[in-house]
Structure formats: structure tokens, C-alpha cells
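This report refers to the structure that appears directly beneath it.
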Amino acid sequence: MLEIGKNTIVSLDLIERYFHCDLDDCLGECCIEGDAGAPLTREEADRLQELLPRILPYLNEKARKVVLEEGVSYIDEEGDLVTQLVDGANCVFTTFGSNGVCLCALEKARREGETDFFKPISCALYPVRVKEYDGFTAVNYHRWKICKGAEVMGRAKGVRAYEFLREPLTRRFGREWYDELAFTAEEYLRQTGK
């Protein structure tokens with residue numbers, strides 16, 4: 001573990017592991033697998049509810065019904081605010097391309113100029129999971145079998161997880177924090193020969 005910035009502890013896996021999303025391999029399975037929806041901040045949930053009229057056209061019929069009846073989010077068994085699910089599995093914002101790849105309706109709406117909302121930061125950061133504790137924030141790398149192809153592609157391209165996640169890490173923690181992480185990572189890798 002490394003301390004980056006003030007009170008942020010970063011897992012060495014984020015630095016040591018190679019990672020580069022490979023949608024052709026996993027088909028976006030992280031949007032449809034798991035035991036809860038995507039973690040949201042209160043601000044994200046409020047903004048999604050506000051933008052719902054512009055997002056609805058991008059959702060499938062079942063997803064529209066869920067968000068109109070239950071809202072865009074709920075509190076899961078662990079007490080976390082997360083996106084609603086369709087059929088107990090798919091994130092409510094999941095859509096599918098003609099080739100079977102999961103696509104995010106929120107990203108699609110943003111790319112088409114309907115909103116300025118990026119997908120939730122927890123989604124953009126994946127496979128990183130951020131957890132707030134009393135006095136510090138943990139930044140951990142989540143290993144999941146569905147991302148094996150991403151690890152293989154990352155190694156082939158020579159891209160470490162922290163490098164692949166530069167934009168969302170910067171969005172979440174700021175440019176100065178990311179620059180410190182990158183500098184520390186390069187020094188760590190140089191010194192350890194990994």
C-alpha cells in the first residue's frame with residue numbers, strides 16, 4: 001500500500017497490475033453481473049433523477065418501468081447507494097449493441113449531446129473500488145475473472161491499471177493527486193524492477 005495525497009491509501013495492485021478494457025472479450029459483463037447496482041454518490045443519484053427525462057429514451061422498456069416506479073437508485077444490503085437493477089441483475093442503465101456488447105445509456109446520452117453527465121465515477125473507475133473509512137480513503141484494485149482479458153490486453157500493450165484509469169482517477173481525486181500517483185508508481189516500479 002502507498003499513501004498518495006492526504007489520507008489516501010492506494011493498493012499496490014493498481015500500480016503492479018496491467019489493465020486495458022477489452023470489450024470484445026468480456027462484452028461489458030460488469031454491467032450485468034454482481035449482487036447490486038453500481039455505487040453512486042448522493043450527488044450522482046440526484047443528478048440522474050434530474051436528468052431522467054432526457055435519459056429515458058435510451059433505456060429499454062423494463063428499465064424505464066423500474067426507474068419510473070422506483071427511482072434511479074436504492075440502498076443495497078450493505079447500506080450503499082447504488083443504481084437500480086432490472087431483473088435483479090442488469091444495471092438499469094444497461095443497453096445492448098447489435099453485437100451483444102453492453103453499453104451504458106448514460107454514456108450514450110452524453111455522447112449524443114443529451115446530457116453532460118458522465119457515467120457514475122464508480123463505473124468509470126472500475127476495476128478500482130474506492131472505500132471511505134474514518135480518517136482515510138482506500139483505493140483498491142478489484143480482481144474479477146471477467147476482467148482476465150483486460151489484464152492480458154494490458155500486459156500486451158504495456159499499460160498499467162493506474163495508467164489506463166488516468167482520466168477517471170483524475171476526475172475523482174484531482175490532477176495533482178494523479179501526478180503524485182504516477183510519479184510514485186514510476187519510482188516504485190523502477191526500484192522493484194516489476
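The values are calculated or read from the model by the stated rules, or taken from the named source; none is laboratory data. Nothing here was measured: the structure is a model prediction, and the numbers come from that model. In this analysis, Cβ positions are derived from the backbone assuming ideal geometry, glycine residues included, and neighbour counts consider all displayed protein chains. Note: accessible area is taken over every heavy atom of the protein model, side chains too, but ligands, DNA and RNA are not part of it. Shrake-Rupley method; radii C 1.70, N 1.55, O 1.52, S 1.80 Å.
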Solvent-accessible area, 1.4 Å probe, carbon plus sulfur percent, for segment 116-170: 54 percent
Low-density loop cleavage sites - trypsin sites (Lys or Arg not before Pro) in segment 116-147, where at most 14 other Cβ are within 10 Å (DSSP): R143
Other-chain or far-sequence residues with amide H under 5 Å of L103's (modelled H): T95, F96, G97
Cβ-placed point charges (K, R +1; D, E -1), dipole of segment 1-126 about Cα centre in debye, nearest 20: 500 debye
Using θ = phi - 60° and Karplus 6.51 cos²θ - 1.76 cosθ + 1.60, couplings along segment 152-158 (whole Hz; Gly, Pro as x): 5, 5, x, 5, 4, 8, x
Whole-Hz couplings from phi, Karplus 6.51/-1.76/1.60, listed for segment 134-148; x for Gly and Pro: 5, x, 7, 10, 9, 10, 10, 8, 9, 8, 9, 4, 5, 9, 4
Proximal charge balance of L56 [Cβ under 12 Å; K/R count +1, D/E count -1]: +1
Dipole axis of the chain (+1 Lys, Arg; -1 Asp, Glu on Cβ), positive-most option in T8, W144, C21: C21
Given K62/K148; K65/K131; K62/K145; K62/K119; K131/K157; K6/K108, the pairs whose alpha carbons are separated by over 26 Å: K62/K148; K65/K131; K62/K145; K131/K157; K6/K108
Gaussian network model of the chain, Cα within-10 Å springs - most flexible of A161, A38, A109: A109
Selection from F93, T83, I55 lying farthest towards where the dipole of segment 51-111 points positive, charges on Cβ: I55
Projected area, mean over directions - segment 1-67, Cα convex hull, nm²: 7.6 nm²
Solvent exposure of the chain as accessible area per residue, Å², 1.4 Å probe: 56 Å²
Cut-off under 5 Å, modelled amide H: who pairs with F117 long-range: none
Mean projection area, nm², convex hull over Cα of segment 52-194: 11.4 nm²
